Amino acid sequence: MDELLNLSSMPKTLISKSNDPWTESALKDCVDLLGDALSQIGKSATAIVVGPREKMLTEEKIGDLKTWISAATTDQETCLDGLEEMGSTVVDEARAKVQRSKEYMSNSLAILSNIQTLLQKFHLTMH
């Protein structure tokens, strides 16, 4: 989440460096998209908090987490696609800044997709 939070200021920084109205427009879209991605990851962080009499992992929670993380990943990709479509000169810089966040989300999705198999190896079950 910290990585995405740090990333959320990236479009505004790049806007200040740009003289191209098309790039600025795409970066403004990125502000909204990365804000949405941060919101999706925030939902995920809230969902893994276990309240009284709650089960930590349920299939429903796992499904929700996968949906929110996938949506955040899509938001980041859409930001980069918009910059690319506009022929922006900052697309490589933006892609480099997004990379670590994408890797964390990809790893999280891989863990969630394989959680049942992992639990079975330790003779545990999902509730």
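The values are calculated or read from the model by the stated rules, or taken from the named source; none is laboratory data. Computed from a predicted model, the values in this text were never measured in an experiment. With ideal geometry, Cβ positions are generated from the backbone for all residues, glycine too; neighbour counts draw on all protein chains shown. The protein model used for the area step is the full one, side chains on, heavy atoms only, and it has no ligands, DNA or RNA in it. Shrake-Rupley method; radii C 1.70, N 1.55, O 1.52, S 1.80 Å.
Tabulated data for the structure shown
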item	result
Positive-end residue, region 76-127 charge dipole about Cα centroid, Cβ charges, pick of Asn114, Val91, Thr78	Asn114
Charge dipole of the chain about the Cα centre (unit charges at C-beta), most positive-ward option of Tyr104, Met56, Ile15	Met56
Where the Cα pairs of region 10-104 fall when distances are cut into 10 Å bins, in %	16, 41, 23, 13, 6, 1
Under 26 Å from Lys61, Cα to Cα: lysines that are on another chain or at least 8 residues apart	Lys43, Lys102, Lys121
Cα-based reach from Lys17 at 23 Å (exclusive), listing lysines while leaving out same-chain residues under 8 positions away	Lys28, Lys97
Heavy-atom accessible area order for Leu34, Leu119, Leu124, largest first, 1.4 Å probe	Leu124, Leu119, Leu34
Under the Debye formula (equal points on every Cα, no solvent term), log10 I(q)/I(0) of region 46-91 at q = 0.16, 0.17, 0.30 Å⁻¹	-0.57, -0.60, -1.01
Max mean-square fluctuation residue, GNM over the chain, Cα-Cα springs under 10 Å, options Val90, Val49, Val98	Val49
Solvent exposure of region 27-79 as accessible area per residue, Å², 1.4 Å probe	56
Among Thr67, Thr13, Thr23: highest mean-square fluctuation, GNM of the chain, C-alpha pairs under 10 Å	Thr13
Size of electric dipole in region 68-124: Cβ of Lys, Arg +1 and of Asp, Glu -1, about Cα centre, debye, nearest 20	440
